[in-house]
Amino acid sequence: MDIIVLISLAVLILILSIVVVVQSLRLQKLHQDLLRSQHTAPKVSISQPNADQLQTRLIAAYDTEITKSVAAFGADLHGTSKQLTEQVSRLTTKVIEEELEAYQKTLEEVRQVAIQAMNQIREAVEHQRIELRQGMEQELATERQHLVEKFDAKMGDVISSYISEALGSGVDLGAQMQFILTSLEAHKADIRKDLTDGV
Amino acid sequence: MAYELPPEVYSPHLLESVIYDLEQYTDWYRQTRIQRKVGAAAASQPEPDHSAETELVIRNHFGSQTPTLETLEGLLAELRALKLPEIHVKLAAMPNHEQRRVLVSWFHTNISSRALISFVADRNLGGGIVIRTPNHVYDFTWKQQLMGGASKLAGIIHRV
């Protein structure tokens, strides 16, 4: 953007210089025309009063032309400067807008890429989390099942040992007889059938 | 008609014991008869001892008749040929005489009057009874009851 402003300023200075050169050339041409007219004009004898009057008129006309030229030059210079200023402003605004638009576009692209990357990362993390959770749950279930099976397998031994330790040698069959006979009564049909089939 | 053992001979061991006693007695009887026939002067061997169950079997079989060598051998053959169903009973301790009588009576009344009942003890049972028939094992022990309620036990442990 700085380069464009510098180039614009250089162009402005160049245009002003051209205007100055053109006006100088016009003044020089007028001066040469005047000198040429002095040399080529027929010798005319003019009285002093007339000469003074002509001199006065010429000076006045010259001043008038100079004034008009300066005014025209000033107006032209003002207009040119204004146009240049407007052009520079317009160009600068356009460049800035384009740059801003490109910057916003780039920024939006970067933002989209970042959002996409974030989403991918989030999905990967979520996927990993689910896998870890499922793995841990599976391991926990396996370990739990293993413990349950181990507990069940050892339960018989535990109960036997506990009963043996708890009862010691004081097993009273007499007290158990009712329970034994009740159990036998409940299954006597099965036992009888089994014994009959087995013989 | 199949030979009927007296209820007192309720186990395979008792039956084997009776057969053994009868074998001994038959051998003694045979030798004594031979010695009498030949008029041997040597003192005959004393009559072998036998158990009360053997005495009962002989009395039930012969009644008031005097046993002969042939009838004794016939009885032995009958006893050896017996194919009786067997029931093995396992308890937490060996039952005393009265407890055996109750259990044997129950089996003979409710299952089969010809069944032979054997008893063994396993202190780990704690309580209850295990019945083994030719084709099946019936476990009515406390241990089995506790094992059967394993899910309840787990629930109780979880609650506690």
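The values are calculated or read from the model by the stated rules, or taken from the named source; none is laboratory data. The structure presented is a predicted model; accordingly, all values stated were derived computationally and were not measured. FYI the Cβ positions are ideal-geometry reconstructions off the backbone, even for glycines, and counts take in every protein chain you see. Quick note on the areas: whole protein, heavy atoms, side chains included, nothing else; ligands and nucleic acids left out. Shrake-Rupley method; radii C 1.70, N 1.55, O 1.52, S 1.80 Å.
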The one condition A:His146 fails out of (1) in contact with a strand residue (DSSP E or B) (Cβ under 8 Å, 6 or more places away or on another chain); (2) at pLDDT 80 or above; (3) not charged (D, E, K, R) is (1)
Pull out all pairs, ordered by first then second residue, where Cβ-Cβ is under 6 Å, the residues are six or more apart or on different chains, the first lies in segment B:24-37 and is of a type outside the set (A, V, I, L, M, F, W, C), and the second is open to solvent by less than 60 Å² (accessible area, probe 1.4 Å) and in a helix (DSSP H, G or I).
B:Thr26/B:Leu72; B:Tyr29/B:Leu69; B:Arg30/B:Leu69
Can you tell me how many residues in segment B:1-23 are open to solvent by 30 Å² or more (accessible area, probe 1.4 Å), touching a residue at least 24 places away in the same chain (Cβ under 8 Å) and under 20 Å from B:Gln45 (Cα atoms)?
1
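Matching residues to (1) of a type in the set (S, T, N, Q); (2) out of contact with any His (no Cβ under 7 Å at 6 or more places or on another chain); (3) within 14 Å of chain B (Cβ to nearest Cβ):
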| site | (1), (2), (3) |
| --- | --- |
| A:Lys105 | no, yes, no |
| A:Ile115 | no, yes, no |
| A:Gln120 | yes, yes, no |
| A:Glu126 | no, yes, no |
| A:Glu139 | no, yes, no |
| A:Glu143 | no, yes, no |
| A:Glu149 | no, yes, yes |
| A:Asp157 | no, yes, yes |
| A:Tyr162 | no, yes, yes |
Tell me, please, whether a residue that is out of contact with any Pro (no Cβ under 8 Å at 6 or more places or on another chain), over 30 Å from A:Leu12 (Cα atoms) and in a helix (DSSP H, G or I) can be found in segment A:85-105.
yes
Residues in segment B:98-115 that are more than 11 Å from chain A (Cβ to nearest Cβ) and modelled with pLDDT of 90 or more total 3
Selection count where residues are surrounded by 14 or more Cβ atoms within 10 Å (Cβ to Cβ) and within 7 Å of chain B (Cβ to nearest Cβ), scope segment A:188-197:
5
If we keep only residues of segment B:116-145 that are basic (Lys, Arg) and facing another protein chain (nearest Cβ under 7 Å), then the residue most open to solvent (accessible area, probe 1.4 Å) is B:Arg123
Tell me, please, whether a residue that is touching a residue at least 40 places away in the same chain (Cβ under 8 Å) and under 30 Å from A:Val88 (Cβ atoms) can be found in segment A:49-68.
no
Just checking, which of B:Val57, B:Val120 is touching a residue at least 12 places away in the same chain (Cβ under 8 Å) and part of a strand (DSSP E or B)?
B:Val120
Which members of segment A:84-97 meet the condition of being within 22 Å of the chain's Cα centre (by Cα) and either surrounded by 11 or more Cβ atoms within 10 Å (Cβ to Cβ) or among the small types (Gly, Ala, Ser) (or both)?
A:Lys94, A:Val95, A:Ile96
Checking the conditions here, which among B:Pro95, B:Pro46, B:Pro67 is assigned to a loop (DSSP other than H, G, I, E, B) and in the same structural domain as B:Gln144 (by TED's automatic domain parsing)?
B:Pro95
Looking at segment B:1-26 only, could you name the residues that are closer than 22 Å to B:Asn110 by Cα, assigned to a helix (DSSP H, G or I) and among the aliphatic types (A, V, I, L, M)?
B:Leu14, B:Leu15
Number of the exception - B:Ala93 against (1) more than 16 Å from A:Phe179 (Cα to Cα); (2) touching a helix residue (DSSP H, G or I) at 6+ places or on another chain (Cβ under 9 Å); (3) among the aliphatic types (A, V, I, L, M)
(1)
Regarding segment A:32-40, can at least one residue be identified that is of a type in the set (Lys, Arg), outside any helix (DSSP H, G or I) and either open to solvent by 90 Å² or more (accessible area, probe 1.4 Å) or in contact (Cβ under 8 Å) with a residue 24 or more places away in the chain (or both)?
no
Within segment A:123-135, does at least one residue satisfy the condition of being of a type outside the set (S, T, N, Q), under 21 Å from A:Ser8 (Cα atoms), open to solvent by less than 90 Å² (accessible area, probe 1.4 Å) and within 34 Å of the chain's Cα centre (by Cα)?
no
